[in-house]
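Reading through the structure tokens given below for one structure.
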Amino acid sequence: MFSMTEICWEVWSGTIILLVFILKTCGWINRHEDSNNGNEEGDGCGDVFESSLKSNPGGYQLICKPSTLANWLLRDIKHLSQMESSYYWMMTWPHLQTIIQHVLPADRTLELARDFLQMTDGGIVALDWVVGPRPAAKPRRGTNAISNPPLLLVIPNTFGRLTRNIQQLCLLALEKGYYPIIFNRRGQNNCPLTTLKFQPFGETADLKEAVSYVRYRHPSSMLFAVSEGLGSGLLLSYLGECGSSSYLTAACSISPVFRFQEWFDNGLPWLYEWIVLLYQKVILSRYSTAIAEVLPAEKIFASSSLRELHKTLFCQSKSETTSWDYYWECNDPLSDVDEVAIPILCICSKDDPIRGRPESTLPIELFRTNPYFFLLLTKYGGHCGFLNGAPVAWSHEVTLEYFRSVTEFFRTEEKTRGLTRNRGTNMLNRRRRPTLQKRETSYTGLEEIFSWKRSYTR
């Protein structure tokens, strides 16, 4: 069932599509972007982007450090169908692609089984296991059913809205044999706020415990992760802090934002700023009485920008005040980026109206020097749009194909190393002293170590 607030939101937000056409035609929606274009200095990559995208018949560019894995991924990407759309309206209006994927409802409703997890401080996050609608059963030979399906941990945007983009991704993943799990932050998507603490931008403690719980329930399954928009901040922070202990095989980020403090400081085009700010205030209004006990509630609900709202929510309380710069020193998702130890694919478009111009918002040197980061850059796509006339966004197909390709690459490399090792050590095995076998991680007793609890299922 939908709440009255959610119903009202769906009714009035549907009119935004018409408003976008009017503002785009008048040129008003781009005024903010044009002013930034005149004030910002690029990193000298603009001409490189343009020439590469024009010369590539597939309409994309894979920017990364040369490696065996990079060649492997590029080979598989080339086998996919045409990524970008040939429709005029999709190439001309990235705002329309963005609005469609964030405002319109999904074609089918997800069937979810929810687990509430209690954190050490009493706060609660929620995991939504996508259990349906399942695709029509296909005939199988013998007992070929997958007993340990791969898990897909989905991290939505930071605003807590379960978008059409995320729902379509989960449905496609379910059809491809994945078991999608949606991570919901405190106080978002009907997850109760039991403590007066919201999740700071790069705080990973809640996600770490959620991953531990998922691993406890499915210790033998491979785990992948995908983020949407600003949800990339949490994913990048987690990968950087955990390094090789992240338990993930690979990760993907669709339309990520990288320079987060600059993103808040520069702001969005005014229409997007107004929509997102209003939605944030609607969500926070549910807890206005509790918020007023520790935070300046009047200032929060009077905020005129996302920067002001975020700063008041996380940097100003009735007991202490933290500077904006210090907050980002502690929570910048890229602070530990050198510790990332699994491959992560970032799917971005050059015309993303939310992230901004690629010359000033994409850390190109990171992709050129770090062997774990791969940037798939296209000319068109908007923000989490990537529509080409197919039933689902092509970014979803690429994401799941990327996970399959990485898994196949690792298996091939492991098999190759195993054969080489066996040939080189076959004659020495008899002379070796016996060694202790490496023990698999035991999850027995984890319920006593970790603070999460499976408290509710729907």
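Just one of the numbered conditions (1) buried (at least 18 other Cβ atoms within 10 Å of the Cβ); (2) more than 18 Å from the chain's Cα centre (by Cα); (3) at positive phi is not true of residue 229: (2). Here 408, 401, 414, 397 are screened, and the one residue that is at pLDDT below 90, in a helix (DSSP H, G or I) and surrounded by fewer than 22 Cβ atoms within 10 Å (Cβ to Cβ) is 414. For residue 361, the requirement of being more than 27 Å from residue 205 (Cβ to Cβ), in contact (Cβ under 8 Å) with a residue 12 or more places away in the chain, among the hydroxyl-bearing types (Ser, Thr, Tyr) and buried (at least 19 other Cβ atoms within 10 Å of the Cβ) is met. In the list 107, 121, 115, which residue meets the criterion of being within 25 Å of the chain's Cα centre (by Cα) and at pLDDT below 95? Result of the check over 107, 121, 115: 107. In the stretch 191-205 there is at least one residue matching the filter, namely being over 20 Å from residue 249 (Cα atoms) and of a type in the set (Phe, Trp, Tyr). I'd like to check something: does the stretch 299-319 contain any residue that is modelled with pLDDT of 90 or more, aliphatic (A, V, I, L, M) and closer than 23 Å to residue 99 by Cβ? Looking for residues that are modelled with pLDDT of 90 or more, aliphatic (A, V, I, L, M) and closer than 23 Å to residue 99 by Cβ, one finds at least one in the stretch 299-319, hence yes.
Looking across the stretch 235-245 at every residue that is more than 8 Å from the chain's Cα centre (by Cα) and crowded, with 21+ Cβ neighbours inside 10 Å, the one that is nearest to residue 168 (Cα to Cα) is identified as 236.
Selection over the stretch 124-166 of residues that are at pLDDT 90 or above and in contact with a Lys or Arg (Cβ under 8 Å, 6 or more places away or on another chain) gives a count of 6.
What are the residues in the stretch 316-332 that are assigned to a helix (DSSP H, G or I) and of a type in the set (S, T, N, Q), if any? Passing the criteria: only 331. Report yes if some residue within the stretch 305-317 is among the acidic types (Asp, Glu) and either within 30 Å of residue 377 (Cα to Cα) or touching a residue at least 24 places away in the same chain (Cβ under 8 Å) (or both); otherwise report no. No, the stretch 305-317 contains no residue that is among the acidic types (Asp, Glu) and either within 30 Å of residue 377 (Cα to Cα) or touching a residue at least 24 places away in the same chain (Cβ under 8 Å) (or both). Of all residues in the stretch 213-237, those satisfying the criterion of being under 23 Å from residue 349 (Cβ atoms) and in a helix (DSSP H, G or I) are 229, 230, 231, 232, 233, 234, 235, 236. A count restricted to the stretch 342-373 and to residues that are under 19 Å from residue 387 (Cα atoms), out of contact with any helix residue (DSSP H, G or I) (no Cβ under 6 Å at 6 or more places or on another chain) and β-branched (Val, Ile, Thr) stands at 1. Applying the criterion of at least 3 residues that are out of contact with any Cys (no Cβ under 9 Å at 6 or more places or on another chain) and β-branched (Val, Ile, Thr) to the helices (runs of 4 or more DSSP H) found wholly in the stretch 248-315 leaves 270-285, 288-294.
Looking only at the stretch 333-351, decide whether some residue is assigned to a loop (DSSP other than H, G, I, E, B), of a type in the set (Lys, Arg) and under 23 Å from the mean Cα position of the chain (by Cα). Checking the stretch 333-351: at least one residue is assigned to a loop (DSSP other than H, G, I, E, B), of a type in the set (Lys, Arg) and under 23 Å from the mean Cα position of the chain (by Cα). If you take the residues in the stretch 373-394 that are of a type outside the set (A, V, I, L, M) and touching a Cys at 6+ places or on another chain (Cβ under 9 Å), which one is surrounded by the most Cβ atoms within 10 Å (Cβ to Cβ)? Among them, the one singled out is 381.
The values are calculated or read from the model by the stated rules, or taken from the named source; none is laboratory data. Small disclaimer: the values here were computed from a predicted structure and weren't measured. Don't worry about glycine lacking a Cβ; one is built from the backbone with ideal geometry, like all the others, and counts go over all protein chains shown.
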